[in-house]
Amino acid sequence: MIETTAALAEACRTLARSEFLTIDTEFLRETTFWPELCLIQLAGPETEVIVDPLAKGLDLQPFFELMADASVLKVFHAARQDIEIIVNRGDLIPHPIFDTQVAAMVCGFGDSVSYDQLVQKIKGVHIDKSSRFTDWSRRPLSEKQLEYALADVTHLRDVYLALKDKLEKAGRSLWLTEEMAILEARETYDLHPDDAWKRLKLRVKKPVELAVLQKVAAWREREARARNVPRSRILKDDTIYEIAQQQPADAEALARLRTIPKGWERSQAGTALIEAIREALAIPKADLPRLPRQNHVPEGAAAASEMLKVLLKLVAEKEGVAAKIVANSDDLERIAIEGEDADVPALSGWRRELFGETALNLIGGKVALRFVDRKIEAVEL
């Protein structure tokens, strides 16, 4: 296990000569806002190493330089959380990247297939998952933990090569390129506090309630980041919903809420929260945020949505691709209601070619579904 900057730099120089490398991280997040990086696993075609980011005096700069090296493809499985760590610690997004979970969905291995399932299907190897939820911050790590951690990148090499071959043979490499552009976008990981309310369910009915929801969610986001604790440690979602409805403008009113612990309203956090609520209540009526428009559901839209679900399943099975990566239920409902005007991924790029165009033709009466010979098929009219 690498524990010095010099050893890390040497390993990164070796890996930089590879066409691709596989990456995984182990981290803890139960008690922090930002993931606590505990281990980094790296493997090239003929090299594999484990890096201890908790080692005293270790500088991760050689690792970040490797992540920024555009000549080396970085292969992850379910990359989002690993990349979030790199963004937070190194202020960069690895490029170029290949996410085997996304690639597996494009290749028809099912929705959100797990790493161990993928290794089992492609290599026929069973991975012992008993070390998965161990405390990766404790030292020394056991041999069993290290073997488990290393397996996350050594098997990934073969998984990557198999999926790359499938994508090329199916002519779907560009599909994956479109998906990786989303994972490489800075906004995927850097949610502005003022947009934190978008994580919440919209349980508000009035513009003033939405204003309070937005201000309180932004305050919680900044507070959680500053104190490096989970959002729920600052304020639970249910509390934000209750505050938006009741709009307590002073400590006495805040104390009456059922979700506020006794005495919390007199704390420094309670005072700051009240100030955020007052900011929302001070917004002039004309400047209050507008509630998202509720689309009028035309007659027959529900039936059209159900037909689109059948079509999606039909296309996914025929083309050997996971239905989830093509469209979700919300996409189908919007297509059923808005048609061509629906701003959904299913109506752009490779998804439109694969499914979206046929979906529009279905609700437009140009394509029919029929049951024949014990199977459903789509037929142009």
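Here are the numbers for this structure:
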quantity: Within the stretch 230-290, helices (runs of 4 or more DSSP H) holding 2 or more residues that are under 16 Å from Ala196 (Cα atoms); calculated: 231-234, 237-246, 268-281
quantity: Among (1) without any contact (Cβ under 8 Å) to a residue 24 or more places away in the chain; (2) farther than 13 Å from Leu308 by Cβ; (3) in contact with a Phe, Trp or Tyr (Cβ under 7 Å, 6 or more places away or on another chain); (4) of a type in the set (A, V, I, L, M, F, W, C), the one test that Val379 misses; calculated: (3)
quantity: Candidate set: the stretch 329-368, residues that are outside any helix (DSSP H, G or I) and open to solvent by less than 50 Å² (accessible area, probe 1.4 Å); chosen: the one farthest from Leu314 (Cα to Cα); calculated: Ala342
quantity: Selected residue (only one of Asp116, Asp165, Asp111 is open to solvent by 30 Å² or more (accessible area, probe 1.4 Å) and either of a type in the set (S, T, N, Q) or under 30 Å from Pro53 (Cα atoms) (or both)); calculated: Asp116
quantity: Residues of the stretch 36-57 satisfying the condition of being open to solvent by 10 Å² or more (accessible area, probe 1.4 Å), out of contact with any Ser or Thr (no Cβ under 6 Å at 6 or more places or on another chain) and either over 26 Å from Tyr160 (Cα atoms) or among the β-branched types (Val, Ile, Thr) (or both); calculated: Glu36, Val49, Ile50, Leu54, Ala55, Lys56, Gly57
quantity: Residues within the stretch 81-133 that are among the charged types (D, E, K, R), in a helix (DSSP H, G or I) and more than 24 Å from Glu317 (Cβ to Cβ), tallied; calculated: 5
quantity: Selected residue (criterion: modelled with the lowest pLDDT) from residues of the stretch 58-79 that are surrounded by fewer than 22 Cβ atoms within 10 Å (Cβ to Cβ) and within 16 Å of Leu156 (Cα to Cα); calculated: Ala78
quantity: Meets criteria (over 27 Å from Phe27 (Cβ atoms), in a helix (DSSP H, G or I), free of Cβ contacts under 8 Å to residues at least 60 places away in the same chain and open to solvent by less than 40 Å² (accessible area, probe 1.4 Å)) for Glu209; calculated: yes
quantity: Within the stretch 185-201, considering residues that are part of a helix (DSSP H, G or I) and not acidic (Asp, Glu), the one modelled with the lowest pLDDT; calculated: Thr188
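The values are calculated or read from the model by the stated rules, or taken from the named source; none is laboratory data. Note that the coordinates shown come from a computational prediction; the quantities given were computed from them, not determined experimentally. Cβ: placed from backbone, ideal geometry, glycine included. Neighbour counts: every protein chain shown. Please note that ligands, DNA and RNA were not included when accessible areas were found on the heavy atoms of the full protein model with its side chains. Shrake-Rupley method; radii C 1.70, N 1.55, O 1.52, S 1.80 Å.
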